[in-house]
Amino acid sequence: MKTHPIHPKQLLLYVETTEWNKGELSEEEIRSIRDAIHRDPALQDEVNKISSHLQWINRMPQPAVPDHLAQRCLEAVHRSNSSRLAGWWNLHLWAPAVTLIMLVFTAGVWFGSQHQQDTLPAFDLLLQTQAQYISRLETGLAQRYQQPVLTADNPWYAQIDYLKQSSRAIADASKKYSTDPVIQRGLSLAVAQNISVLQSLCEYVEQNREIPDADMAIIDTTKLDLDSSI
Amino acid sequence: MIVSETTETLYSEPEVDEHELIRRVSAGDEQAFAIFVSRFSSMVFRFLKRMVFTEEDAEDLTQETFCSIYKHRSSLNPNKDIRPYLFTAAKRKAISLIRWRSVRSMVTPLTSIHEEILESKQVSAFESIRHQQQERAVNQALRSIHPTKRAVLILRFFEGLTYPEISQIMNKPEGTIKSIAFRAEKELRAKLAPMIESW
């Protein structure tokens, strides 16, 4: 059984020490490795390969250096040094630039703080949009009867009032079942569908001053019962 | 800042002791810095050429290395060997470029064929064909080796630095550097074996 306590990387150090005089190993280490190599042909073979390889590398020509490399390096250093100095001392250049950057930054912070007030959770945005369309529909129906606002004597007053009540009921249900994602999703879909219908109705009311009352009969919100349907 | 119109001016200074030269550079002597550049720019370039393969990139990085050294020249220690410091600065530039190339290749893939074409355009017309083939083969092999292993390989076997010096440059323990050198030599040898036999 062949045993050699030496680590394979010591073979490289052995070749470097004995053939290239790098002086990395001690005399004792060199003797120990030499003995191991003599006992094991595989180690001898590996040492020979490393030796050939290092000799080959040593014979490799160096990469050609471009002409005037040093000159161009000095020119680059000069350019780099000049631009830094110019930048530092040109107060009339960088002071306005800094001021402009600060102005843009401040404007961005102000604008962001304004915008942040409008940022609502997605479901609340849906409810807000639905409420806006209900209000728009209410206005359109009121104007149809030459009223500034929808009054109790308007034939559409009850329907619009119930739309508003159902909108509030949806908002309450959303809060009540806020931890249930299935209900939340169902409510979101319902509101989104409402918005779609309300949008069409608003456009129809605003474009057509004469609306047959029978066309509005398909919207019957009196039978809405949210709690029992959830 | 001294920038001579002819290279002859750069070499007009008598041979200056290296430690004295570094002392003068760190003190802000512009002429000493010009001598410093002319003395060490080739060494830095050769290292970078083997790291990044194209002459154009190697020259750009050589310039950046010396710009960086000029900026921090007051911190140079005249009592220490300057080579590890130079190679450390150059290695950082090379690694940054290699990292940028790997990111760029994701956006605009540069195949190895394109890189070979770029590289081949840089080879001097006066070099022998055999030299060109050898260098291309070595570059091809080096390109496939991890940049850290590549740097150790070049510093040890092409530039002849000691393991303690390489340990300082790579900021790794000496034992680790020896292990890396062993693995890198073995890997390079495996890749070049057919070519070594034929040559």
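In the assembled protein chains, residue A:110 presents an accessible area of approximately 150 Å² (probe radius 1.4 Å). A crude spin-label estimate for the pair residue A:178 and residue B:129, with each label 7 Å from Cα along the Cβ direction, gives 8.2 nm.
Give the average, rounded to an integer, of partner chain Cβ atoms located within 10 angstrom of each Cβ in B:65-74. The partial results should precede the final answer.
Numbers: counts 2, 7, 8, 2, 2, 7, 4, 0, 0, 0.
Neighbouring Cβ atoms belonging to other protein chains average 3 per residue here.
For region B:9-99, a Kirkwood hydrodynamic radius built from all Cα pairs, placed in the Stokes-Einstein relation at 10 °C and 1.306 mPa s, yields a translational diffusion coefficient of 119 µm²/s. Averaged over the residues of A:50-61, the number of partner chain Cβ atoms lying within 10 Å of the residue Cβ comes to 5.
With a 1.4 Å probe on protein heavy atoms only, work out how much accessible surface B and A bury together, total over both chains, in Å² to the nearest 100.
Values: alone 11600 and 17110 Å², together 24730 Å².
When B and A are taken together, about 4000 Å² of accessible area is lost.
Ranked from largest to smallest solvent-accessible area, with a 1.4 Å probe on the protein heavy atoms, B:179, A:52 come out as A:52, B:179.
The values are calculated or read from the model by the stated rules, or taken from the named source; none is laboratory data. These numbers were taken from a predicted model, which means no experiment stands behind them. Methodologically, a virtual Cβ is constructed for each residue, glycine included, from the backbone with ideal geometry; neighbour enumeration extends over all protein chains shown. Side chains included, ligands, DNA and RNA excluded: accessible areas come from the protein's heavy atoms. Shrake-Rupley method; radii C 1.70, N 1.55, O 1.52, S 1.80 Å.
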